[in-house]
Each structure stands twice: as C-alpha cells, then as structure tokens.
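The values are calculated or read from the model by the stated rules, or taken from the named source; none is laboratory data. Keep in mind that what you see is a predicted model, and the values were worked out from it rather than measured. Using ideal geometry, Cβ is built from the backbone for each residue, glycine included, and neighbour counts are taken over all protein chains shown. For the accessible areas, the whole protein counts, side chains as well, though only heavy atoms, and no ligand, DNA or RNA atoms are used. Shrake-Rupley method; radii C 1.70, N 1.55, O 1.52, S 1.80 Å.
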Amino acid sequence: MLRKLLLTLCLFVAFGAFAQREVIYQVYPRSFYDTNKDGYGDLEGVRQKLDYLQWLGINTILLTPIYEAEDVMNYYASNWGKVDATYGAFKGYRDLIQEAHRRKMKVYLDFDLRYVTEKHDWFAKKEECKNCLLQDRNTNYVSLTGENAKAYAVNFKEAKVRGEILKMLEYWINPTNSPIYYAGADGLRFSNVADEFEGQKNLLREFWVPVIKGIKDFRADVTVMAYPADDKAQPSDFYNVGFDVVFDVNLNTALMSFDKERIETAALSLTRKDSMPATKRIAVFTDDNYVGRFSTIRITDDRQTKMVSALNLLLGGMPSIYYGQETGSVQIDELGGTEAINWSVKDSVSGNAIWFNPLAESKQMVMNKVPVDEQIRDKASSCNFFREIIRNKNLQPALALGDYIPLTNTNENAISFLRVFENEKVLVVVNLSGERQSVYIEQQMNLKLNNTRMLVGDELWNFKRGGRVTTLPPYAIAVWRFN
C-alpha cells in the first residue's frame with residue numbers, strides 16, 4: 001500500500017513538471033498530410049511530420065477523434081475501438097505512437113462519447129444492450145458522403161455502458177498489452193463533458209468518477225482531460241471528480257476582445273496556486289476544432305494573429321496550438337476550421353490533403369498562402385515566429401513554470417507582465433492595438449528595465465538607460481529576460 005502511494009506521488013510530481021512545459025499541437029488528421037495520395041490526410045502523415053513538429057518545439061500531440069465514425073470530424077462513432085480506415089487503420093496508429101515515444105513526445109487521443117450512429121453495435125444489436133442508448137434522444141449530422149443522418153444519445157446511467165467504455169479506453173491505453181505501454185496513448189481528452197446530458201443528471205459523479213478511477217487504476221500516469229460542453233462551467237467542477245486538465249475558454253474569449261482588463265483577469269487564473277490544485281492544469285487555446293480559427297478571410301493583418309497566438313503561449317497554462325495555426329492560417333467560413341495545410345507547391349511531393357468536405361462548395365481548402373516549406377526557409381515567416389516564441393518558452397523556466405505578475409503601465413492599449421520562477425524574471429510587453437504605442441512601465445519591484453536582454457523583438461524597442469518607456473509598432477510583442 002505504501003509503495004503504491006509513493007508511486008502515485010512520484011507520478012503526480014512528474015506530471016506537474018512535464019505538464020507545465022507541454023506545448024500541445026492539436027492535429028485533425030484528415031486535413032494534415034496525405035501520404036498515399038488518396039486525398040485524405042492520414043496517421044502516417046502525422047508520423048512523417050514529427051520532424052517538423054519538433055522543429056517548431058512541440059512535445060505533445062493531441063489527435064482529434066480517429067475512431068471509426070460517419071461524419072467529417074469523427075465525432076459520431078460507429079466503433080470507438082477501431083481506427084478510421086482512411087487514417088491508416090491500426091498500423092498507422094501504432095507506428096505514430098511508437099515513433100513519437102522514441103522521440104520523447106506524448107500523444108493524446110480525443111473522444112466524444114455522447115452519441116453513436118446506427119452502425120454502432122449498441123444500435124445494430126439492440127437486444128444485446130437494450131438500455132445502452134436513449135432511442136428517443138437523437139441528433140442530426142451530415143455524413144462524409146454529404147447525406148443527412150441521425151446519431152443516438154448514450155445512456156451514461158447504464159452500468160454496461162460504463163463497463164464497455166472503460167474497456168475500450170483501456171485498449172487505447174495499451175492496445176498491444178505491453179508492460180511498457182509502447183503503443184498506448186499517454187492521455188485521453190473527453191470533449192463536451194457536462195453534468196447533465198439529454199435529461200441525465202449528476203453525470204460528473206455517477207459516470208465520470210468511476211470511469212476516471214478505472215483509467216487511473218489501469219495506468220496511473222495517463223493524463224485525463226476535459227473539454228467542457230458549457231463555456232460557463234468552472235474548472236474546479238472537473239478537477240473535483242478526477243480530471244487532470246481542463247480546456248478553459250476564458251482566455252480565448254478575453255484575447256478575442258483585445259481588452260486589456262479582460263485579458264489580465266483571465267491570465268491571473270492560469271497560475272494562481274490558491275484556486276487550482278498543484279497537480280491540475282488549465283489548457284488554453286485561441287483556435288481549435290470547436291471554436292474554429294481566430295484568423296478568417298476578414299482578418300488580413302497577420303500581425304494581429306501572431307500577437308494573439310503569442311499571448312496564448314506566454315501568459316500561462318498549458319498552451320494548445322491548432323494544426324496550421326503557426327502558418328498564418330485563414331479560416332474559410334464554409335469549412336469551419338477543417339482546411340488543409342499547404343505544405344508545398346510541388347505537386348509530386350506536396351502531401352496536401354484534397355478530400356472533399358460535403359459542406360463546402362469548392363475543393364480549394366488550403367488555408368495558408370505561403371507553403372510551409374517556403375516558410376521554414378524564411379526567418380521572417382509566421383512559422384519561424386511561432387518557433388521563436390515556443391523556443392523561448394522551452395528555454396526560459398519562468399515562461400514555462402513561473403507565476404504571472406501583472407505590471408502596471410499607463411497605456412490602455414498595452415499589456416505588460418512578468419513571469420517569475422525562483423530567481424528568474426521575464427518581462428513581456430504587448431501592443432494590443434493597430435497603432436504605434438509608447439508604453440510607460442511604472443516603478444514596481446525595483447525593476448531595472450535597462451538591465452535586461454531581449455529574447456523576442458527588435459533591439460530598437462529596448463529601454464534606454466534609466467528609462468521606463470518602450471515604443472512598440474502595431475500588435476508587436478517584446479520579451480526580455482532580466483540579467
């Protein structure tokens with residue numbers, strides 16, 4: 001018993017240290033990279049792009065649902081226990097996991113457990129599980145072939161449902177029954193988690209507590225994540241029933257507002273030790289498979305997109321990047337964030353996914369005008385900007401592990417803050433507006449602003465000797481480390 005407690009404590013400590021340094025890259029495989037030229041991105045495509053992801057500084061991959069399903073995003077399962085054949089079946093999954101683990105990277109899987117299709121065994125073989133579904137509770141969706149179809153609500157109160165779901169999750173954690181879990185997922189994210197669903201109440205306690213306990217009993221160091229169905233839900237509601245990480249929309253909505261006060265209020269909640277257990281984390285994002293992309297065809301100022309993304313990486317919490325976000329991506333309205341990445345203009349080697357989204361009127365779904373291979377060579381590109389921000393986050397303990405301390409300045413269009421860890425201090429100043437701004441940092445904490453080394457930005461923005469003013473161009477972000 002004592003040995004088990006010590007092991008659990010060690011796992012919590014290890015989780016906390018790694019989790020604070022995690023930079024998650026969320027991949028929608030269908031639109032990521034196509035290796036067999038069938039038009040669909042696949043898991044082998046993700047594996048082949050691990051060099052690129054590591055070049056960016058990514059250490060964790062979150063795959064949107066990869067199980068068999070009938071819809072574009074694989075939300076509505078026909079079989080949770082099998083890999084979608086267009087993604088490469090089990091071999092593609094196994095090869096990706098093994099290669100990621102060889103590189104010391106983690107892989108998380110995303111699940112939406114709310115509905116299943118008519119092809120799922122619980123519907124097709126009703127006599128074997130009469131109460132597994134709520135037959136009178138269903139939702140409509142559009143299939144991959146463009147047809148209207150129905151999915152049926154899962155009865156989370158049914159004991160057999162909990163048992164079968166837990167068995168399925170154990171499979172993904174260790175599909176090869178290996179003692180070292182070499183082909184298993186490192187974490188599981190559950191999307192649209194709520195205490196009430198289709199008339200069922202108290203689900204956090206009655207369904208999620210036993211399921212999470214079962215997961216942890218099977219493998220204690222698996223990270224269990226919640227993406228709440230309700231934007232107004234409190235992270236503590238999910239921590240209290242066993243979730244390790246909660247995807248929280250508060251910073252997302254604050255950043256979208258460009259309002260200084262809202263951003264500072266949201267940022268304070270990300271590292272406050274009095275409001276969050278030491279072993280728990282908040283995941284933050286600007287783009288994802290539910291909210292879509294910040295950049296759209298109506299937002300053409302790439303500087304604005306870079307600034308919002310950089311703040312998401314530097315303010316605190318566990319940052320999540322949506323695939324292609326680093327390319328200066330643009331959301332095409334009819335595709336809602338499922339656009340393909342433009343890897344190269346060379347058709348023979350491009351790997352660009354060109355699958356046909358039934359909701360789209362055109363097959364032109366590439367989001368970034370400048371191909372990735374060109375951006376890698378261009379030091380001033382969006383990809384290299386992301387790489388620089390992530391590199392500094394990985395290298396500076398204060399940016400990964402430090403407390404957030406707001407610094408008062410006299411400009412309503414600029415935000416300034418410190419990240420502090422032990423004896424290290426990093427200063428970040430950001431122009432939230434489309435106009436040039438002079439930012440005066442008021443005297444605080446005996447900070448000598450000219451005794452700094454610039455990490456991100458232009459040397460022209462440095463503080464003069466004895467001065468407290470920096471002048472930043474529109475949407476500029478500057479980062480200094482105190483000597």
In degrees between 0 and 90, to the nearest 10, how far off the longest principal axis of the chain does helix 2-21 point, with axes built from Cα atoms?
50
Along the charge dipole of the chain, which of 290, 330, 276 sits closest to the positive end, that is, farthest toward it, with unit charges on the beta carbon of Lys, Arg, Asp and Glu (+1, +1, -1, -1)?
276
Roll a 1.4 angstrom probe over the protein heavy atoms and tell me the percent of accessible area of the chain that is carbon or sulfur.
50
Between the Cα axis of helix 260-271 and the main Cα principal axis of the chain, the angle (0 to 90°, nearest 10) is 60
Using amide H atoms built 1.01 Å from N in the peptide plane, name the residues 5+ places from residue 26, or on other chains, whose amide H lies under 5 Å from its own.
62, 321, 322, 323
Distance (nanometres) between label positions extended 7 Å along Cα→Cβ at residue 38 and residue 128:
2.5
The chain, helix-only ellipticity at 222 nm - DSSP H runs n ≥ 4, -39,500 (n - 2.57), divided by all residues, nearest 500
-8500 deg cm²/dmol
Would you mind checking the tilt of helix 302-314 against the longest principal axis of the Cα atoms of the chain, expressed as 0 to 90 degrees and rounded to 10?
80
Rounded to the nearest 20 Debye, what is the dipole magnitude of the chain about its Cα centre when Lys and Arg each give +1 and Asp and Glu each give -1 at the C-beta?
1620
Residues listed by number, segment 64-108, amide nitrogen under 13 Å from residue 150 label point at 7 Å toward C-beta:
none
Let me see the P(r) profile for the chain: every Cα-Cα distance counted, bins of 20 Å, each bin given as a percent of all pairs.
23, 55, 20, 1
Given the Cα-Cα distance of residue 345 and residue 412 and 0.36 nm per residue of separation, how much length would full extension add, in nm?
19.8 nm
Please compute the length gained on full extension between residue 443 and residue 220, using 0.36 nm multiplied by the number of residues separating them and subtracting their Cα-Cα distance.
75.6 nm
Averaged per residue, what accessible surface does the chain expose to a 1.4 Å probe, in Å²?
43
